[in-house]
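The values are calculated or read from the model by the stated rules, or taken from the named source; none is laboratory data. Since this is a predicted model, take the numbers as computed values, not measurements. Cβ: placed from backbone, ideal geometry, glycine included. Neighbour counts: every protein chain shown. To get the accessible areas, we keep the full protein, side chains included, count just its heavy atoms, and leave off ligands, DNA and RNA. Shrake-Rupley method; radii C 1.70, N 1.55, O 1.52, S 1.80 Å.
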Amino acid sequence: MNITIEPGASALLDALHRAGFAAYAVGGCVRDSLLGLAPHDWDLCTAARPEQVMELFGEKQCIPTGLQHGTVTVKRDGRLYEITTFRTEGSYSDGRHPDSVAFVPDVREDLARRDFTINAMAYSAEEGLCDPFGGQEDLARGVVRAVGEPLRRFEEDALRILRLYRFAARFGFVIDETTEAAAKQLAAHLDCVSVERIEEELNKLLSAPKPGAYLEPEVLAFVLPELPPDYLSEAREIIDALPAGGEEVTTRWAALLLPLGEDGTRKALKRLKCSNAVIDGVSTLVKEKAPRTPALSLQAKRLLGKYCLHTVRQLTALWSALRPERKDEFTALQKEAETLTAQSACCRVSQLAVNGRDLMAAGVAPGPGLRRALEALLEEVITGRLPNKKAELLAFAAKFSAA
Ligand code: ATP
Ligand code: MG
């Protein structure tokens, strides 16, 4: 079994080997390589102590990211590599972080502290794959299984419960039965995990190709207690019908939180310490209801009057997932919005051929009446009763202000 190690990582491993230290690529990069996927980063582990790593590569190339945990980040060819000293972890009294770590000489001991067998493999060109827990076989079978005794591993660090569903969802794997039973049994321990980490995990879970089956009610009850329990089975299908990927996660959040309404959605996301951009994005999607009438062009213009094209695309995707029988209609609505945008069709007051100053010059009084006049003009234009031309608009505005 050969893995092509990325050149930068390979050069760092060579340097460690030449200096006499055992060193391997480890974790996600090995897992992804074995799956035939391109790893997004290459983490290395070594018997060298952090200070030895820093001495070998020079302080200038090194960022002491987590010295007490044994991690040094090394810069090479403009890329960053985490090099972590083989370590074991002491007891976990807070259900999340080890009380102490101890550096050890053997990579196998380091692999034993890792969460799942598919994440607990190391590789070097010289020694090949080091896989003491059957990670390669689990990858081939498509199984996520805890390293060691699942109950103990989730008790040590409850975040692993969410990581379990996240990795299973990402690869479409099944979850080992004993591992899943332990995860459900200890789900209440997720109260040890910070909301920031929970949000991060939920985002990754919701970005998976088809996360529906992995939205486990017995686990979500502890991280999203706001959700009505019987809604999840419905949400699963809707979420799976939505496009996947990190960019699309807003729409999936909206599908998940839909029954909470706009206020409930804002509150739940605020509790999870989401950014204001995310809170606004998701709650907009939750609030806006699908139009009832099929007046395509007008509906598209009304949406573009309120939202950017990107949000309109998210809305039409969400409505298609919610109402699959109207999918064609919403697809057409989206196409229309794209066409109108490409044509720079007038959908907003700011796109009218006249502005407030033009209207005042034509005798409309400043103040709220001016705003109302502009909005009345926009309504005439988007319904097609008036062309978006200065002369016609001014003529209409004169009537408006006289009335
Ligand atoms: P990704 O592609 O999502 O980054 P990854 O496998 O690299 O996947 P990371 O969260 O970056 O995942 O962690 C790197 C490695 O560290 C994991 O593969 C795993 O071996 C180990 N690890 C990370 N978090 C934990 C944890 N909470 N408990 C045990 N081992 C962990
Ligand atoms: Mg990683």
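Which one of these does residue 115 not meet: (1) at pLDDT 95 or above; (2) more than 16 Å from ligand 1 (Cβ to nearest atom); (3) touching a helix residue (DSSP H, G or I) at 6+ places or on another chain (Cβ under 7 Å)?
Single failed check for residue 115: (2).
Taking segment 173-194, which residues are crowded, with 20+ Cβ neighbours inside 10 Å and of a type in the set (A, V, I, L, M)?
175, 182, 183, 186, 187, 190, 193
Scan segment 325-347 for residues that are part of a helix (DSSP H, G or I) and surrounded by 13 or more Cβ atoms within 10 Å (Cβ to Cβ) and report the count.
14
Restricting segment 23-37 to residues that are open to solvent by less than 10 Å² (accessible area, probe 1.4 Å) and part of a strand (DSSP E or B), which is nearest to ligand 1 (Cβ to nearest atom)?
Once the filter is applied, the top-ranked residue is 26.
Considering only segment 30-55, state which residues are within 17 Å of residue 111 (Cβ to Cβ), among the hydrophobic types (A, V, I, L, M, F, W, C) and within 16 Å of ligand 2 (Cβ to nearest atom).
30, 34, 42, 44, 45, listed by residue number.
Please enumerate the residues belonging to segment 261-277 that are in a helix (DSSP H, G or I) and either in contact with a strand residue (DSSP E or B) (Cβ under 8 Å, 6 or more places away or on another chain) or open to solvent by 50 Å² or more (accessible area, probe 1.4 Å) (or both).
Scanning segment 261-277 gives 262, 263, 266, 267, 270, 271, 276, 277.
Determine if segment 77-95 includes at least one residue that is open to solvent by 20 Å² or more (accessible area, probe 1.4 Å), within 10 Å of ligand 1 (Cβ to nearest atom), modelled with pLDDT of 95 or more and touching a Phe, Trp or Tyr at 6+ places or on another chain (Cβ under 8 Å).
no
Could you figure out which of (1) modelled with pLDDT under 95; (2) over 26 Å from residue 97 (Cα atoms); (3) not charged (D, E, K, R) isn't true of residue 192?
Among (1) modelled with pLDDT under 95; (2) over 26 Å from residue 97 (Cα atoms); (3) not charged (D, E, K, R), residue 192 violates only (2).
Any residue at all in segment 124-138 that is free of Cβ contacts under 8 Å to residues at least 40 places away in the same chain and in a helix (DSSP H, G or I)?
yes
Mind listing just one residue for me: the one in segment 353-365 that is in contact with a helix residue (DSSP H, G or I) (Cβ under 6 Å, 6 or more places away or on another chain) and in a loop (DSSP other than H, G, I, E, B) and, of those, farthest from residue 382 (Cα to Cα)?
Looking at the filtered set, the residue picked out is 363.
Hey, among 227, 258, which residue is in a loop (DSSP other than H, G, I, E, B) and either closer than 26 Å to residue 160 by Cα or open to solvent by less than 50 Å² (accessible area, probe 1.4 Å) (or both)?
When all the criteria are applied, what remains is 227.
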